[in-house]
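See below for the structure under consideration.
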Amino acid sequence: RMMKRQMECPRDIERLNGPFLAIYQSLIPLEEEKAKQKQLLTLLENIVSKEWPEAQLYLYGSCANSFGVSKSDIDVCLAIDDADINKSEFLLKLADILQSDNLQNVQALTRARVPIVKLMDPTTGISCDICINNVLAVVNTKLLRDYAEIDVRLRQLAFIVKHWAKSRGVNETYQGTLSSYAYVLMCIHFLQIRRPAILPSLQEMGCTYSVIIDDVKCSYFDQVEKLRGFGSRNKETIAQLVWAFFNYWAYRHDYASDVISVRTGSIISKREKDWTRRIGNDRHLICIEDPFEVSHDLGRVVDKHSIRVLREEFERAASIMQYDPNPCVTLFEPY
Ligand code: GTP
Ligand code: MG
């Protein structure tokens, strides 16, 4: 990369608004699907409360953060206040109980990074992962959902980006590419740094919501109904934003020194986080700060090989947005 390419948004980009909005609409889950997810949650609550009356179930991830496309699995967190709980034993017992309640394909994955029980509900046809006491994920789910309330362009952009990432095979953390959670954070951050800004940094505003989870203080301004219209001085459309997002990640982001931070709503330096060299498995080749666990880089899964794959995909997407006659098809072509 001898020279950074600076490209200008094509003049006729607006012709892509209709097609991009149609893709967004087609990905939104139907109400009946949401109802089925609720039905499964209620079933699980009934089963769990018989054995552990004090346990609480929470939805998290894409079924609750408003960035879920239709036909996704649901993620459930079982919260139980028991200091000396052995997660593996607990999950094995939970799996036993669920199995005898006629749920199907029940499996306890006790050795996974986040240990879970997987199951499929034959009545609704929905699959589900249950984890234990992963309350930070429930809180970051709320943060994402609150951001989505502020400006509809976030949800539009994130649906398009997630759909692109899945189509192109760069949403596979076990292959060194990024999680859906990381892509949504990239979209939030991108809209925070537009000028005029389309999104604020909720964590930089007076806090109206505050919880402490695993010694991490999570606080931010959550009265987002008061922020509708925040981004209205910025008139950019979804077509311009998709173009600019890929242009940013292809040509403008400084991979050598920058960290994107939704917490501050700005770019911070690798140096100030001490993320300049490889420590253990954390290579910090693309740096995305978790909004609450600030020592956590969501780019940690990316390695020497997969960073090339990712950057080539960003460049491919940027050049399609620039030159292709039919980006709404080409962008999502399977790899
Ligand atoms: P899809 O299932 O691909 O539609 O997306 P998803 O939103 O469910 O995303 P993903 O499977 O990547 O993650 C599910 C949830 O787990 C996220 O919404 C986060 O709440 C949480 N999560 C995932 N990865 C991390 C992580 O590295 N750190 C933290 N703190 N939470 C994470
Ligand atoms: Mg998920």
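The values are calculated or read from the model by the stated rules, or taken from the named source; none is laboratory data. The structure presented is a predicted model; accordingly, all values stated were derived computationally and were not measured. Here the Cβ positions follow ideal geometry from the backbone for every residue, glycine too, while neighbour counts run over all protein chains shown. Note: accessible area is taken over every heavy atom of the protein model, side chains too, but ligands, DNA and RNA are not part of it. Shrake-Rupley method; radii C 1.70, N 1.55, O 1.52, S 1.80 Å.
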Contact list please: Cβ distance under 9 Å, first residue in the range 170-188 and under 18 Å from Glu315 (Cα atoms), second residue within 10 Å of ligand 1 (Cβ to nearest atom) and among the polar types (S, T, N, Q), pairs at least six apart or on different chains.
Asn171/Ser179; Asn171/Ser180; Thr177/Asn171; Leu178/Asn171; Tyr183/Asn171
Among the residues of the range 66-100, the number that are in a loop (DSSP other than H, G, I, E, B), modelled with pLDDT of 95 or more and closer than 21 Å to Asp121 by Cβ is 1
Checking Ala256 against (1) within 30 Å of Asp12 (Cα to Cα); (2) free of Cβ contacts under 8 Å to residues at least 24 places away in the same chain; (3) among the aliphatic types (A, V, I, L, M), which test does it fail?
(1)
Expected output for the range 128-155 (first residue under 16 Å from Ile28 (Cβ atoms) and in contact (Cβ under 8 Å) with a residue 24 or more places away in the chain, partner within 14 Å of ligand 2 (Cβ to nearest atom) and open to solvent by 20 Å² or more (accessible area, probe 1.4 Å), Cβ below 6 Å, 6+ apart or cross-chain) is Arg145/Ser66; Ala148/Ser66
Residues (within 14 Å of ligand 1 (Cβ to nearest atom), polar (S, T, N, Q) and in a helix (DSSP H, G or I)) located in the range 176-205:
Ser180
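Hey, among the residues in the range 218-257 that are in contact with a strand residue (DSSP E or B) (Cβ under 9 Å, 6 or more places away or on another chain) and of a type in the set (Gly, Ala, Ser), which one's surrounded by the fewest Cβ atoms within 10 Å (Cβ to Cβ)?
Among those residues, the one meeting the criterion is Ser257.
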For Val152, state whether it is among the β-branched types (Val, Ile, Thr), open to solvent by 40 Å² or more (accessible area, probe 1.4 Å), within 17 Å of the chain's Cα centre (by Cα) and at pLDDT 95 or above.
yes
Total residues in the range 315-335, condition of a type in the set (D, E, K, R) and either over 23 Å from the mean Cα position of the chain (by Cα) or surrounded by 21 or more Cβ atoms within 10 Å (Cβ to Cβ) (or both)
1
Condition (residue is touching a helix residue (DSSP H, G or I) at 6+ places or on another chain (Cβ under 8 Å), under 30 Å from Phe314 (Cβ atoms) and at pLDDT 95 or above) applied to the range 1-8: is it met by at least one residue?
no
Determine which single condition Glu333 fails, assuming it passes every other condition in (1) part of a loop (DSSP other than H, G, I, E, B); (2) without any contact (Cβ under 8 Å) to a residue 60 or more places away in the chain.
(2)
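Residue-by-condition table, conditions (1) of a type in the set (Asp, Glu); (2) surrounded by fewer than 13 Cβ atoms within 10 Å (Cβ to Cβ); (3) touching a residue at least 24 places away in the same chain (Cβ under 8 Å):
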{"residue": "Leu43", "(1), (2), (3)": "no, no, yes"}
{"residue": "Asn46", "(1), (2), (3)": "no, yes, no"}
{"residue": "Pro53", "(1), (2), (3)": "no, yes, no"}
{"residue": "Tyr58", "(1), (2), (3)": "no, no, yes"}
{"residue": "Ile80", "(1), (2), (3)": "no, no, yes"}
{"residue": "Ile97", "(1), (2), (3)": "no, no, yes"}
{"residue": "Val106", "(1), (2), (3)": "no, no, no"}
Looking at the range 13-35, is at least one residue in contact (Cβ under 8 Å) with a residue 24 or more places away in the chain, closer than 15 Å to Asp75 by Cα and open to solvent by less than 20 Å² (accessible area, probe 1.4 Å)?
no
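Which ones in the range 39-65 are within 9 Å of ligand 1 (Cβ to nearest atom) and in a loop (DSSP other than H, G, I, E, B)? Working first, answer last.
Going through the range 39-65, the residues within 9 Å of ligand 1 (Cβ to nearest atom) turn out to be 60-65.
Selection gives Ala64, Asn65.
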Val114: within 11 Å of ligand 1 (Cβ to nearest atom) and either at pLDDT below 95 or on the phi > 0 side of the Ramachandran plot (or both), yes or no?
yes
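Just to verify a result, which residue in the range 259-314, among those that are β-branched (Val, Ile, Thr) and closer than 25 Å to Pro196 by Cα, is most open to solvent (accessible area, probe 1.4 Å)?
Filtering the range 259-314 down to residues β-branched (Val, Ile, Thr) leaves 259-260, 262, 264, 267-268, 276, 279, 286, 288, 294, 301-302, 307, 309.
Subsequent filtering for residues that are closer than 25 Å to Pro196 by Cα retains 259-260, 262, 264, 267-268, 288.
Details: Val259: 0, Ile260: 2, Val262: 3, Thr264: 35, Ile267: 67, Ile268: 20, Ile288: 1 Å².
For the range 259-314, the residue satisfying everything is Ile267.
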Of residues in the range 66-75 being surrounded by 15 or more Cβ atoms within 10 Å (Cβ to Cβ) and farther than 18 Å from Cys187 by Cβ, the one farthest from ligand 1 (Cβ to nearest atom)
Ile74
Return only the number of the condition from (1) assigned to a helix (DSSP H, G or I); (2) among the β-branched types (Val, Ile, Thr); (3) farther than 20 Å from Gln37 by Cβ that Val170 does not satisfy.
(1)
Go through (1) within 13 Å of the chain's Cα centre (by Cα); (2) away from ligand 2 (no atom under 16 Å from the Cβ); (3) surrounded by fewer than 20 Cβ atoms within 10 Å (Cβ to Cβ) one by one and return the number of the condition Lys142 breaks.
(2)
